[in-house]
Amino acid sequence: MPPDVLVVDDDPTFRALAVRLLQRAGLHVAGEADSVRRAMEVALDVQPGAVLLDVGLPDGNGVTLAGELVALPWTPLVLLTSSDADAATKTEVERAGAAGFIPKDALTDIALRSVFTVA
């Protein structure tokens, strides 16, 4: 069964687009957050199996947050994204324990399904 997904991005327009892409991919959106602080609150509350996470957040770095999320007891799968294709290096993604990085302009329902249904 595909995991429930938490969407973390400070841009409400992108969050709405991501929700639609995830739903079109057959995935359930467990919650949304617009900051590092709110992301941890929502993650602890809904315990998502996966997180779509923006690298640039107003109160912190998404790569750092990815490492904190994957360290949670249920070990959610984290996919980083950004409008800047160079926002996270492969080494940073691996060190954080994230499943990968996909630039926002390359996000599709097919790409999301393939990452989030791998587990």
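Bear in mind these aren't lab numbers, they're just calculated from the coordinates by the rules spelled out. What you see is a predicted model; the values in this text were computed from it and never measured. Counting neighbours? That spans all protein chains shown, and the Cβs are built from the backbone with ideal geometry, glycine included.
Points worth noting:
- Full extension of the chain between residue 68 and residue 105 yields a length gain of 10.8 nm, computed as 0.36 nm times the residue separation minus the alpha carbon distance.
- Placing unit charges on the Cβ atoms of the charged side chains and taking the dipole of the chain about its Cα centre, the candidate lying farthest along the positive direction among 2, 71, 108 is 2.
- Considering only alpha-carbon pairs that sit under 8 angstrom and 6 or more positions apart, the relative contact order computed for the chain is 26 percent.
- Most positive-pole-ward Cα, 56, 21, 35, against dipole of the chain from beta carbon charges: 21
- Rounded to the nearest 20 debye, dipole of the chain from Cβ charges on Lys, Arg, Asp, Glu: 360
- Fraction of beta bridges assigned by DSSP in the stretch 4-116 that are antiparallel (%, nearest 5): 10
- Average projection, convex hull of the Cα set of the chain: 6.2 square nanometres.
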